[in-house]
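The values are calculated or read from the model by the stated rules, or taken from the named source; none is laboratory data. This one's a predicted model, so the numbers in the text were calculated from it and none came from an experiment. Note that each Cβ is placed from the backbone with ideal geometry, even for glycine, and that neighbours are counted across all protein chains shown.
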Amino acid sequence: MPERKIRVLVAKPGLDGHDRGAKVVARALRDAGMEVIYTGLRQTPEMIAEAALQEDVDVVGLSILSGAHMSLIPPILKLLKANGQEHVKIFVGGIVPDEDVPRLKEMGVTGVYGPGAPTEAIVNEIRATFKPAR
Amino acid sequence: MVKPNIGSILSGERIALARLLSEVENNSVAGQATLDELFPHTGKAHLIGVTGAPGTGKSSLVNQMALNYRAGKNPKQVAIVAVDPSSPFTGGAVLGDRVRMRDLAGDPGVFIRSMASRGSLGGLARATAAMVQVFDAAGFEVILIETVGAGQTEVDIARLAHTTLVVESPGLGDEIQAIKAGILEIADILVVNKADLPGVENTERALKGMLGLAHPVAKVFRHHGQDMVSAGREPEGKALWVPPILRTIATDGTGVAELVAAIEQHAKHLHNSGEWGRRERARLEAELEGLLTETLVKRFREGVTDIRYEKMVDRLVQRKVSPWGAVKALLKGKNGFTAKAQD
């Protein structure tokens, strides 16, 4: 029987060196039956877009604690689009001030999660995004 | 989905390639149809398997090998298929091999694809062979296949690859581990990685001892003063391949050039001895047999209702029928596998 798994790239763009949150989310998505490609720390937007392309993911999860989200996310969105991956859903986790959330969503980010967000919420929102397809 | 255009695959269009890999991995109808069309374009790549216990440094070594193939005057197109385990409980997976391969980012001559094992037990996923065919058709000359961290019996890679590397590192086992059947036997090249760690000599000695005991080296025995050929000797003129043991340090690339040279030498040996053709045949036959088994089981299951199947499992649990008896009963008569469900 054809299998269809949700494939998620979990990446940490930029220079902050703390990836516990990204690992917790990766583990939670794994436990929810998804296939998570974990790429590690200090990724450039180019590296993230390239990995998303090669792995043909459905979702890219970005963990950003440095405060640089407003400058890191637009180039990632642009590169995904240039690669023909505008269908990929972007989720952001980390330290994002409330006033930036609507701006990120306007750019095309699907979900934004701050500290203390329950992992079930992330899992459910990703699943809901793919409901019609499966 | 629409069937991918094979022209875009053959011309190396990366998004088309990435999507086809997903179709093939999911064993979709479109994926199978495209694979049928691509198959005549396969058979050109050198398939190199990299296996070994978890944590021996397979991913880092693959990273260094790919860098080596990309360097120099004649860089080769390199594809990497990295398999990591799926959870047996949730079916999910964390695929982390890319973490060690960041040096390859931004090189258009490299394509890395991670795969979850999805319940397969032989060290690869069921679709790995098909994914490799896609890369082969797309013109990748070297395909590095990294297995899940393997123990002693995950030996499927030897059936898929032309050249199999078994990666060891110091401190993992003694001579007894080395003479057991299994993963060490499949090595065309033995790599002792992390060669900067203490104990590297012991690991190397254990492997050397294993080779001396188990391999059909062309030895000459003395018997009543006459030369006598040992039983393991192959016919005259056919060189034997004795797996070399190479030291590497994958974190800084030490020994990797020598390793790649040994891989190339092995390929040459396979061609000269006719072994390449034999391996190709054995591989395709194994693939055919695997697909045939899978298809027949699936077709049979479509003819048996879940209720009847579950009832049989109940009878098994109650010890009213043995596993063999259950198979015979399911295959017999009106529920034979060409028949449709009857009850």
Exercise. Of the conditions (1) on the phi < 0 side of the Ramachandran plot; (2) touching a residue at least 12 places away in the same chain (Cβ under 8 Å); (3) among the charged types (D, E, K, R), residue A:31 clears all except one; give me its number.
Key: (2)
Quiz item: Can you name the condition, by its number, that residue B:90 falls short on among (1) surrounded by fewer than 17 Cβ atoms within 10 Å (Cβ to Cβ); (2) touching a helix residue (DSSP H, G or I) at 6+ places or on another chain (Cβ under 7 Å); (3) more than 12 Å from chain A (Cβ to nearest Cβ); (4) polar (S, T, N, Q)?
Solution: (3)
Practice problem: Check region B:235-246 and report whether any residue there is at pLDDT 90 or above, assigned to a strand (DSSP E or B) and over 30 Å from residue B:35 (Cα atoms). | Solution: yes
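For region A:2-15, which residues satisfy the criterion of being surrounded by fewer than 19 Cβ atoms within 10 Å (Cβ to Cβ) and facing another protein chain (nearest Cβ under 8 Å)?
In the first step, residues of region A:2-15 are kept if they are surrounded by fewer than 19 Cβ atoms within 10 Å (Cβ to Cβ); the result is A:2-4, A:15.
The answer is A:2, A:3, A:4.
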Quiz prompt | The one condition in (1) at the interface with another protein chain (Cβ under 9 Å from one of its Cβ atoms); (2) surrounded by fewer than 19 Cβ atoms within 10 Å (Cβ to Cβ); (3) in contact with a strand residue (DSSP E or B) (Cβ under 7 Å, 6 or more places away or on another chain); (4) modelled with pLDDT of 90 or more that residue B:106 fails to fulfil | solution = (3)
Quiz item: Which one of the conditions (1) away from every other protein chain (no Cβ under 14 Å); (2) crowded, with 24+ Cβ neighbours inside 10 Å; (3) of a type in the set (Gly, Ala, Ser) does residue B:139 fail to meet, given that it meets all the rest?
Solution: (2)
Quiz item: For region B:25-34, does any single residue satisfy the condition of being buried (at least 23 other Cβ atoms within 10 Å of the Cβ) and closer than 30 Å to residue B:266 by Cβ?
Solution: yes
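Would you confirm whether or not region B:245-254 contains a residue that is touching a residue at least 24 places away in the same chain (Cβ under 8 Å) and on the phi > 0 side of the Ramachandran plot?
Step one: of region B:245-254, the residues touching a residue at least 24 places away in the same chain (Cβ under 8 Å) are B:245-251, B:253-254.
Still in the list and also on the phi > 0 side of the Ramachandran plot: B:253.
Yes: region B:245-254 contains one or more residues that are touching a residue at least 24 places away in the same chain (Cβ under 8 Å) and on the phi > 0 side of the Ramachandran plot.
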Quiz prompt | Selection status of residue B:106, assigned to a loop (DSSP other than H, G, I, E, B), free of Cβ contacts under 8 Å to residues at least 12 places away in the same chain and not hydroxyl-bearing (Ser, Thr, Tyr) | solution = yes
Exercise. Would you be able to say whether some residue in region B:308-327 is in contact with an Asp or Glu (Cβ under 7 Å, 6 or more places away or on another chain) and either of a type in the set (Lys, Arg) or over 30 Å from residue B:32 (Cα atoms) (or both)?
Key: yes
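Which strands (runs of 3 or more DSSP E) sit wholly inside region A:16-134 and have at least 2 residues that are surrounded by 20 or more Cβ atoms within 10 Å (Cβ to Cβ) and within 14 Å of chain B (Cβ to nearest Cβ)?
On the way: elements: A:35-38, A:59-64, A:89-94, A:109-113.
By residue number, A:35-38, A:59-64.
Provide a single number: the residues in region B:259-272 that are within 22 Å of the chain's Cα centre (by Cα) and in contact (Cβ under 8 Å) with a residue 12 or more places away in the chain. Please lay out each step first, then the result.
Step one: list which residues in region B:259-272 are within 22 Å of the chain's Cα centre (by Cα), which gives B:259-271.
In the following step, the residues that additionally are in contact (Cβ under 8 Å) with a residue 12 or more places away in the chain were identified as B:259-260, B:262-263, B:266-267, B:269-270.
Going through region B:259-272 one residue at a time, the tally reaches 8.
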Quiz item: Do you know which residues across region B:28-53 are over 26 Å from residue B:295 (Cα atoms) and either within 14 Å of chain A (Cβ to nearest Cβ) or of a type in the set (Val, Ile, Thr) (or both)?
Solution: B:48, B:50, B:51
Self-check item: Leading residue by the ranking (modelled with the lowest pLDDT) among those in region B:3-13 that are within 14 Å of chain A (Cβ to nearest Cβ) and either within 24 Å of the chain's Cα centre (by Cα) or not in a helix (DSSP H, G or I) (or both)
Solution: B:4
Quiz item: If you take the residues in region B:54-87 that are buried (at least 18 other Cβ atoms within 10 Å of the Cβ) and small (Gly, Ala, Ser), which one is nearest to the other protein chains (Cβ to nearest Cβ)?
Solution: B:86
Quiz item: Any idea which of A:107, A:70 is in contact (Cβ under 8 Å) with a residue 12 or more places away in the chain, aliphatic (A, V, I, L, M) and in contact with a Lys or Arg (Cβ under 9 Å, 6 or more places away or on another chain)?
Solution: A:70
Exercise. Taking the residues in region B:111-126 that are more than 9 Å from every other protein chain (Cβ to nearest Cβ) and not basic (Lys, Arg) as candidates, determine which candidate is surrounded by the most Cβ atoms within 10 Å (Cβ to Cβ).
Key: B:124
